[in-house]
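Notes to accompany the following structure.
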Amino acid sequence: DFTVDAMGRASKLSDWVEQAGYQRLRLERVQTGINYVTVLFERRDDPAELPLTTLARLDSSSAPDSLCVAAALPTEADQWLVMLMAYEPDRPPATIEAFRSTCAKLPPLFGFAASGKVTRELATYRQADSRRRDFTGLTRFPARVVCVGDAVASFNPIHGQGISSAALHASCLSDYLDASPQPDQTATDFFDLQSVVVDAAWMMSAGDDAARLDAIRGVEVPEEVAGARSALAQVLQATLVDKTVAKAFANVTSMLAHPSSLAEPALIERARAVISSK
């Protein structure tokens, strides 16, 4: 009576609906080429002088082990989740000893978080690209069929938005079904609700990767886009030393706030002031 595709980024639904004579979903890809490792550590008393959440963008030419991104996040059960990421062909540390050694060379929170007892060993992951299937504007698509989670969009995982976005997809589906939809029509209202969630996560994830690719390829971007990217870079830099900026960024990563909140003038001014004072 009703089918939910939750088959992940490798979902074959586009092939199946096309073979059945319906409209094929448009697939968008953005290259990532990332390799990362995460470790969980026991979380002790939090240092009063350090932010509780840190995402650091690093200069791979000078960063330890050619890292590009590092993150330290407090999680449930009094744990720290620490992530180190490198772009192809580089790899992050492969042992706990090397992992801790690298963290000690990063901003102070990383060394602190990685100094606790290991509660989950190294977990590695590689992703070649982010993917998004477009469900908006469909004119010929089966009724009583929807998609959720990575079957709709799988993002660069360093932003940590996969589970949060999937939960919000479920919330959108609940709202759609509670509104007594027409069962013999394409679930357009659901797809429209869901696109708000997907757009927000894609803005952070794919937007970040697109900026990196543009820089590598020497692509000129409009002044407005360049300005927005510069402002976001300053916000990220300020998360290393300012709790207020770090909290604002964590709310976006956790999908408790829209990415546009990081462009608020007051937050950008605070980030710039913090950076200039250091």
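Using only alpha carbon positions, build the gyration tensor of region 91-175, then give the equivalent ellipsoid semi-axes as the square roots of 5 times its eigenvalues, largest first, whole angstrom. Working shown, then result.
Numbers: eigenvalues 303, 40, 23 Å².
Ellipsoid semi-axes (Å, largest first): 39, 14, 11.
Amide H contacts of Val69: Leu58, Met85, each under 5 Å away and 5 or more positions distant or on a separate chain (H built 1.01 Å from N in the peptide plane; Pro and chain starts excluded). Compute the acute angle (0 to 90°) between the alpha-carbon long axis of helix 188-217 and the principal axis of greatest extent of the alpha-carbon atoms of the chain; round to the nearest 10°. With both axes taken from Cα atoms, the answer is about 40 degrees.
Considering only protein heavy atoms and a 1.4 Å probe, what is the carbon-and-sulfur percentage of the accessible area of region 1-88?
Numbers: 2080 of 4480 Å².
Looking at region 1-88 in its full context, I get 46 percent from C and S.
Counted residue by residue at 0.36 nm each, then reduced by the alpha carbon distance between them, the extension gain from Thr119 to Glu28 reaches 29.0 nm. For Ser164, the accessible area of its heavy atoms, probed at 1.4 Å with every protein chain present, is near 40 square angstrom.
Each 10 Å bin from zero holds the following percent of Cα-Cα pairs in region 141-204: 22, 52, 22, 4. Backbone N atoms of region 78-107 closer than 11 Å to the 7 Å Cα→Cβ label point of Ser66 belong to residues 86-92. Couplings for region 228-243, taken from phi via the Karplus curve 6.51 cos²θ - 1.76 cosθ + 1.60 with θ = phi - 60°, read 5, 5, 5, 5, 5, 4, 5, 4, 4, 4, 6, 4, 5, 10, 10, 5 Hz in order; Gly and Pro are left as x. Accessible area of Asp184 (1.4 Å probe, protein heavy atoms only, ligands and nucleic acids ignored): about 130 Å².
Using alpha carbon centroids, what distance separates region 101-168 and region 234-248, in Å? Computed from Cα coordinates, the inter-centre distance equals 21 Å.
Calculate the dipole size of the chain relative to its Cα centre from +1 charges on Lys and Arg beta carbons and -1 charges on Asp and Glu beta carbons; express the result in debye to the nearest 20.
Numbers: 27 positive and 35 negative charges, 123 e Å.
Here the chain has a charge dipole of around 600 debye.
Ranking His159, His258 from most to least accessible surface, computed with a 1.4 Å probe over the protein chains only, gives His258, His159.
Take the solvent-accessible surface of the protein heavy atoms, probe 1.4 Å, and return the percent of it on region 160-251 that carbon and sulfur atoms account for.
Its accessible area is 56 percent carbon and sulfur atoms.
The residues of the chain have, on average, 51 Å² of accessible surface per residue, using a 1.4 Å probe with all protein chains present.
If you sort Met203, Met255 by accessible surface, 1.4 Å probe, largest first, the order is Met203, Met255.
Of the trypsin sites (Lys or Arg not before Pro) found in region 89-142, the ones in coil according to DSSP and having at most 11 other Cβ atoms within 10 Å of their Cβ are Lys117, Arg140. Farthest toward the positive end of the dipole of the chain, out of Val17, Leu236, Leu109, is the Cα of Leu109, where the dipole comes from beta carbon charges about the Cα centre.
The calculated FRET efficiency for the pair Ile216 and Lys12, based on their C-beta separation and a Förster distance of 45 Å, comes to about 0.90.
The values are calculated or read from the model by the stated rules, or taken from the named source; none is laboratory data. Please read all numbers here as calculations on a predicted model, not as lab measurements. Because the Cβ atoms are built from the backbone with ideal geometry, glycine has one as well, and the counts that use them run over all protein chains shown. Side chains included, ligands, DNA and RNA excluded: accessible areas come from the protein's heavy atoms. Shrake-Rupley method; radii C 1.70, N 1.55, O 1.52, S 1.80 Å.
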